[in-house]
1. If you go through the stretch 188-199 one residue at a time, do you hit one that is acidic (Asp, Glu), in a helix (DSSP H, G or I) and loosely packed, with under 15 Cβ neighbours inside 10 Å?
2. Residue 220: closer than 21 Å to residue 130 by Cβ and either at pLDDT below 90 or touching a Pro at 6+ places or on another chain (Cβ under 6 Å) (or both), yes or no?
3. Considering only the stretch 148-171, state which residues are out of contact with any strand residue (DSSP E or B) (no Cβ under 8 Å at 6 or more places or on another chain) and of a type outside the set (Gly, Ala, Ser).
4. From the list 162, 145, exactly one residue is touching an Asp or Glu at 6+ places or on another chain (Cβ under 7 Å), assigned by TED's automatic domain parsing to the domain that holds residue 202 and under 18 Å from residue 60 (Cα atoms). Which is it?
5. Going by what's in this entry, would residue 151 be described as modelled with pLDDT under 95 and not aromatic (Phe, Trp, Tyr)?
6. If you go through the stretch 168-184 one residue at a time, do you hit one that is of a type in the set (A, V, I, L, M, F, W, C) and exposed (fewer than 14 other Cβ atoms within 10 Å of the Cβ)?
7. For the stretch 30-48, check the following and say yes or no: at least one residue is modelled with pLDDT under 95 and within 19 Å of residue 211 (Cα to Cα).
Amino acid sequence: MNPRRPTPSGPKPDPFDLARAPPHLVRILWYLLGGLKYFSNWSLLWRSTIAMSNSDVYECPKLLVTVETCKDLRGIEEIADALYPYDQSVRVVRTRFSGVLLVYTRLDSRRAYEILAQTPPSVAKRIVRVDACCRADVGEIGRLVLKLLQNVRFEKFYVDCVRRGRYISSSHEVEKTIGALIVSVYNKSVDFRNADVVVKIEVVDDLALISIMKPGEDKEFRRKSLPMHNSMATSEIS
């Protein structure tokens with residue numbers, strides 16, 4: 001017969017004292033809190049998606065930011081922290097594609113891009129300014145691109161399309177079609193090495209985000225931060 005386990009003496013432990021709680025209980029609470037935060041971000045995305053699907057006019061994000069793998073939540077926090085002093089209504093939402101974030105703000109897209117480029121998120125890979133958006137349809141994209149290029153001075157260009165989802169069959173076909181349209185309407189030439197502007201088309205499911213940027217402008221913030229890192233490394237070595 002096994003002896004009974006002795007009853008511990010002294011005051012009963014406080015069940016809400018995390019310092020004395022079992023390690024597995026602390027881990028469970030930590031995961032639950034993280035899950036609530038994860039769910040809240042997805043709920044923002046869901047509400048935005050419902051709003052767009054119930055309206056004939058898309059709510060255009062002002063920026064598309066790609067971040068490192070599995071760093072979505074950190075990117076959301078850092079982007080919101082950078083823009084919040086200028087717009088308290090800023091929203092940064094996840095898409096169903098890992099590492100792709102959409103930024104909704106009352107700020108002008110150029111102003112939002114400048115602010116974020118000055119204090120870029122540590123996990124950011126690309127920051128794409130959004131000049132306009134439309135339904136992911138090649139015809140609508142073409143009409144909007146021609147309208148955006150009306151007041152742009154350029155001679156050489158190329159089209160860069162990134163497709164996410166299946167609403168458009170091929171990003172390569174979009175590049176060829178839109179490129180041929182620009183050549184026929186504006187009589188400009190395609191040049192991948194010495195382009196004056198890049199027509200960037202970011203497709204996220206049924207939403208097409210369009211911007212007219214300089215070559216490499218979406219990654220320029222990374223080059224600007226290199227001298228700072230190099231100087232810090234040099235000071236540490238010396």
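The values are calculated or read from the model by the stated rules, or taken from the named source; none is laboratory data. Quick caveat: nothing in here was measured; it's all calculated off a predicted structure. Here Cβ is always computed from backbone atoms with ideal geometry, including for glycine, and neighbour counts include all displayed protein chains.
1. Scanning the stretch 188-199 turns up no residue that is acidic (Asp, Glu), in a helix (DSSP H, G or I) and loosely packed, with under 15 Cβ neighbours inside 10 Å.
2. Working: closer than 21 Å to residue 130 by Cβ: yes; either at pLDDT below 90 or touching a Pro at 6+ places or on another chain (Cβ under 6 Å) (or both): yes.
The answer is yes for residue 220.
3. 150, 151, 153, 166
4. 162 is the lone residue from the list that is touching an Asp or Glu at 6+ places or on another chain (Cβ under 7 Å), assigned by TED's automatic domain parsing to the domain that holds residue 202 and under 18 Å from residue 60 (Cα atoms).
5. Numbers: modelled with pLDDT under 95: yes; not aromatic (Phe, Trp, Tyr): yes.
For residue 151, the condition - modelled with pLDDT under 95 and not aromatic (Phe, Trp, Tyr) - is met.
6. Checked the stretch 168-184: at least one residue is of a type in the set (A, V, I, L, M, F, W, C) and exposed (fewer than 14 other Cβ atoms within 10 Å of the Cβ).
7. Within the stretch 30-48 (the criterion being modelled with pLDDT under 95 and within 19 Å of residue 211 (Cα to Cα)), the answer is no, since none of the residues qualifies.
This table checks each residue for (1) part of a strand (DSSP E or B); (2) closer than 19 Å to residue 162 by Cα; (3) among the polar types (S, T, N, Q).
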| site | (1), (2), (3) |
| --- | --- |
| 88 | no, no, yes |
| 98 | no, yes, yes |
| 103 | yes, yes, no |
| 112 | no, no, no |
| 117 | no, no, no |
| 120 | no, no, no |
